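Nothing in this text is a laboratory measurement; each read-out follows from the coordinates by a stated rule. In this text, all values refer to a predicted model and were calculated from it rather than measured experimentally. Virtual Cβ from ideal backbone geometry, glycine too; neighbours counted across all protein chains shown.
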Amino acid sequence: MGLPANKDQALVYALQALQYVAGDEELLDRFIALTGLGYEELRERAGEPETLAAVMDFILFQDETIIAVASVLSVRPEEMLGIRNALPGNFEVREI
């Protein structure tokens, strides 16, 4: 599959990415700790575009996670940023 053509496809990818994170206890605990969401709140808000954008932001901070999730989504790791950018909010990669 290629880069998402629209926001709807990006939401599907991001929801699948959330399923991956939720299936890995260590990743899920780290996501919860970093976002401040509780487990119940995450369940309630799982389908919201802003929550899914936060999931993609979380995934994009670690190469190992990018590669693992890209494999599950059947996309190239390079396409993960495009998925994120189709969701609400901005994600910029800046060189320091």
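Using only the Cα atoms of the chain, construct the convex hull and provide its projected area averaged over every direction, in square nanometres to one decimal. Kindly include the intermediate steps, with their values, before the conclusion.
Working: hull surface 24.0 nm².
That works out to 6.0 nm².
Full extension from Glu48 to Arg76: what is 0.36 nm times the residue separation minus their Cα-Cα distance, to one decimal in nm? Please report the intermediate quantities before stating the final value.
On the way: separation 28, 0.36 × 28 = 10.08 nm, distance 2.45 nm.
Residue separation times 0.36 nm, minus the Cα-Cα distance, leaves 7.6 nm.
Tell me the chymotrypsin sites (Phe, Trp or Tyr not before Pro) within the stretch 27-96 that lie in a loop according to DSSP and have at most 11 other beta-carbon atoms within 10 Å. Display every interim value, and only then the final one.
Values: sites: Phe31, Tyr39, Phe58, Phe61, Phe91; in loops: Phe61, Phe91.
Taking the stretch 27-96 and a limit of 11 other Cβ atoms within 10 Å, the loop chymotrypsin sites (Phe, Trp or Tyr not before Pro) found are Phe61.
Using a Förster distance of 30 angstrom, determine the FRET efficiency expected from the C-beta separation of Ile67 and Gln9, and round it to 0.05.
The pair Ile67/Gln9 has a calculated efficiency of 0.90.
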Angle between the chain longest axis and helix 7-22 axis [Cα atoms, degrees, rounded to 10]: 50 degrees
